[in-house]
């Protein structure tokens, strides 16, 4: 299914202030892949994601989404394929009520009002925010805003779901609901996050980026259990693996003590 393809070919990007954010980035994501992008602050994670829906255009190199090369002319069509959840939910919420925000996309797709209402209720249930349907977004907590922003994107039923730090403001219950939804999402998904346990739970593949370059790309359980690789990139083992490592260390200490 080519319409789910994401391909970067030697992509570089420089911000107007001269900051070189990406330097020769190349990777290919095929239909149904779940890919996590990790790295320290400023590594280039968000910049990569913003290229996927045409919010940014590369300084050099080629980006292909589906069967379209990203250009100024194609980025509107690409945005219909790629659902982007930004790190700051205030960048996405602008309507008078939560219902209006979540319904905005489906209405613009031309869906009938009855179908839109059904879809809004469905996605708000997924993120645990159905009771907030009639509230103004600016009255919500940061976590609630994040959940509603996620709902507004998945209501569009995108071919490719792209998320920047989706769990950063969520409480534990909302985070778990998000993880369960992402596990069931059958299409391509790309998630940038410092929450390495979320990446381990949801993404089979993991890309590590440092200083705008890819330094590792492989299976998540291998990448995220490599303590040396993570430390080189100012990251730590996921908490779930830290507990395992700590338990093994205690066993080893016990063995040394008894000998």
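The values are calculated or read from the model by the stated rules, or taken from the named source; none is laboratory data. None of these values were measured; they are calculated from a predicted model. Cβ atoms come from the backbone with ideal geometry, glycine included; neighbour counts cover every protein chain shown.
A few points about this structure:
- Every residue from the stretch 1-40 that is part of a loop (DSSP other than H, G, I, E, B), over 15 Å from the mean Cα position of the chain (by Cα) and under 22 Å from residue 235 (Cα atoms): 40
- Out of 98, 127, sole residue that is modelled with pLDDT of 95 or more and over 19 Å from residue 51 (Cα atoms): 98
- Total residues in the stretch 151-166, condition part of a loop (DSSP other than H, G, I, E, B) and buried (at least 20 other Cβ atoms within 10 Å of the Cβ): 5
- Residues of the stretch 199-222 that are surrounded by 16 or more Cβ atoms within 10 Å (Cβ to Cβ), in contact (Cβ under 8 Å) with a residue 40 or more places away in the chain and either part of a helix (DSSP H, G or I) or in contact with a helix residue (DSSP H, G or I) (Cβ under 7 Å, 6 or more places away or on another chain) (or both): 199, 200, 202, 203, 205, 206, 208, 209, 220.
- Residue 47, sole failed condition from (1) at pLDDT 95 or above; (2) under 21 Å from residue 85 (Cβ atoms); (3) not in a helix (DSSP H, G or I): (3)
- Residues located in the stretch 167-197, provided they are within 22 Å of residue 84 (Cβ to Cβ), touching a residue at least 40 places away in the same chain (Cβ under 8 Å) and outside any loop (DSSP other than H, G, I, E, B): 174, 177, 178, 181, 182, 188, 189, 190, 191, 192, 196
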